[in-house]
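The values are calculated or read from the model by the stated rules, or taken from the named source; none is laboratory data. For clarity, every value in this text was computed on a predicted model and none was experimentally measured. Cβ placement follows ideal geometry from the backbone for every residue including glycine, while neighbour counts extend to all protein chains displayed.
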Amino acid sequence: MTHARPVAGLGSPPSSTMTELKQANLARVLRQIIVDGQTTRASVAGRTGLSIQTVSNLVAELIDLGLICESGQVSSRGGRPITLIERRPAGAYLIGVDVGERGIAVEFFDFTLTRIDQVFGSSETTQTPAAIRQYLGEALTTLETRNPTAWPRVVGVGLGLPGVVEPASGVQLESAHPAGSSSRTELRFDEQILYAQSLGWAPVAISELMSTDLPVFAQNGAKVHTKGEQWFGALRDTEHAVVVLIGRGVGLGLISGGVLLEGSHGSAGEWGHVRIEDDGRPCRCGGHGCLETYVGADGLLTSWADAGGEFDGTGSASVECLIASSTPAATRVVDQAIARLGRALGGIVNVMNPERIVIGGWVGQLLMATRAQQIDHAIRDNALDRAAHQFTLYPSTFGGDSVAMGAATLPMEVLIQTPAMLAGR
Ligand SMILES: [Zn+2]
């Protein structure tokens, strides 16, 4: 018995290939509208290479799905008004979480990535995976209670985490027990695992950090910050870039050919623990002489104390004071840190050949506010001539919220691939 081959033509149902093509085009159009902010159908057609008729059909579908809206008109050269389109703020909601060194920020964003609510847990109450899980559960309940009408259109939660987030590997891992819990937990091979060596944690499955009915997506903090810069910041039109995040720790996001580099198991960019001194300072990762022990917040303050500086505490006020101080000791400490940063980043320039370097994080921002030119020279002096003249240095586009906002782009990317996921909600 033979089966008749389906013949494409009028009246025949769309093949799966055609459906896939349409889905891919829908994602392209939505992605372009997000990148452009406010735009027109003709502009989207021009930028995606799709026909104006195809774009018009897909825009109509996105309007039906409640994700975008028409937002006024501008007059064209011929006098005919052109309708503007943009994301509908209430079209979707995204939650971004920054599990950071100063505590946990849980931020609630509308579809334009405008923050509309947030809750914050101090680091004293969020030291272990078990405590983080409990805090995040309470935080989501708080946000849901305060935003009842928005909640049905929440796409998911993005977590920006302190450590290596290994993708679901398909390899069965040894059982392990997260700190703070006495029970042994079998790590499932089909989910992401956080390796937070600097915090002294055993490997922990993401489901151990957060339990919710919402989809959860996890990534390293520096990498989600890099995604934020790619989507909405200094890297919007760049294919080759390096993003440095300096806080207490030092992180890196590497973009090559428009792709955020993960490495074989997700640890690409763990730059803070590159050894830059033999027999150097002990690091919280267990090693010695790591870059972050000289350039991170604690490292800067250790250098200042060693140089006779007097200050209270280890927080941002002390680092601010150090960088603002004009005493010879403080100036020398900051100069040395920038020299080390330049040496380390010069090597990255030789390896990556970036078009742009972005420096952020709360310490990075303080340094860039007053010492950007010095940092720029320090990097170029430590790179090969040609590559040293092929990048531009930028401060981060975002303030202290960069990680939570960047984390919110993780569920946003899933929505782009499946724009109908919120239909009917
Ligand atoms: Zn280290």
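Need the failing condition index for Ala378 against (1) at positive phi; (2) crowded, with 20+ Cβ neighbours inside 10 Å, just the number.
(1)
If Leu393 passes every condition in (1) more than 17 Å from the chain's Cα centre (by Cα); (2) more than 13 Å from Val243 (Cα to Cα); (3) of a type outside the set (S, T, N, Q) but one, which one does it miss?
Evaluating Leu393 over (1) more than 17 Å from the chain's Cα centre (by Cα); (2) more than 13 Å from Val243 (Cα to Cα); (3) of a type outside the set (S, T, N, Q) leaves (2) as the failure.
Criterion first (touching a residue at least 40 places away in the same chain (Cβ under 8 Å), buried (at least 19 other Cβ atoms within 10 Å of the Cβ), of a type in the set (Asp, Glu) and near the ligand (Cβ under 10 Å from one of its atoms)) does Glu229 satisfy it?
Values: touching a residue at least 40 places away in the same chain (Cβ under 8 Å): yes; buried (at least 19 other Cβ atoms within 10 Å of the Cβ): yes; of a type in the set (Asp, Glu): yes; near the ligand (Cβ under 10 Å from one of its atoms): no.
So Glu229 does not fit the description; no.
Which one is surrounded by the most Cβ atoms within 10 Å (Cβ to Cβ), of the residues in the stretch 271-285 that are closer than 22 Å to Lys227 by Cβ and near the ligand (Cβ under 9 Å from one of its atoms)?
Gly272
Can you give me the ranges of the helices (runs of 4 or more DSSP H) entirely in the stretch 224-327 with at least 2 residues that are under 30 Å from Thr114 (Cα atoms)?
316-324
Could you check how many residues of the stretch 233-269 are surrounded by fewer than 21 Cβ atoms within 10 Å (Cβ to Cβ) and either free of Cβ contacts under 8 Å to residues at least 40 places away in the same chain or acidic (Asp, Glu) (or both)?
Matching residues across the stretch 233-269 total 11.
Considering each of Ser198, Ser267, Ser207, Ser211 in turn, give the residue that is farther than 18 Å from Glu101 by Cβ, within 16 Å of the ligand (Cβ to nearest atom) and of a type in the set (Gly, Ala, Ser).
None of the other options fit; the residue is Ser267.
What's the number of the condition Leu301 fails, among (1) within 16 Å of the ligand (Cβ to nearest atom); (2) under 22 Å from Val244 (Cβ atoms)?
Exception for Leu301: condition (1).
Which residues, taken from the stretch 19-45, are under 25 Å from the mean Cα position of the chain (by Cα) and of a type in the set (Asp, Glu)?
Asp36
Condition (residue is of a type outside the set (Phe, Trp, Tyr) and either surrounded by 23 or more Cβ atoms within 10 Å (Cβ to Cβ) or in the same structural domain as Gly315 (by TED's automatic domain parsing) (or both)) applied to the stretch 123-134: is it met by at least one residue?
Yes, the stretch 123-134 has at least one match.
For the stretch 241-250, indicate whether the set of residues that are touching a strand residue (DSSP E or B) at 6+ places or on another chain (Cβ under 9 Å), among the charged types (D, E, K, R) and within 16 Å of the ligand (Cβ to nearest atom) is non-empty.
yes
Could you grab the pairs with beta carbons closer than 9 Å, sequence gap of 6+ or different chains, first residue in the stretch 67-89 and on the phi > 0 side of the Ramachandran plot, second one in a strand (DSSP E or B)?
Short answer, once both residue conditions are applied: Gly72/Thr83; Gly72/Leu84.
For the stretch 369-400, enumerate the residues that are free of Cβ contacts under 8 Å to residues at least 24 places away in the same chain and over 26 Å from Lys227 (Cα atoms). Steps first, please.
Start the filter on the stretch 369-400 by keeping residues that are free of Cβ contacts under 8 Å to residues at least 24 places away in the same chain, which leaves 372-373, 376, 385-386, 389.
Correct list: Asp385, Arg386.
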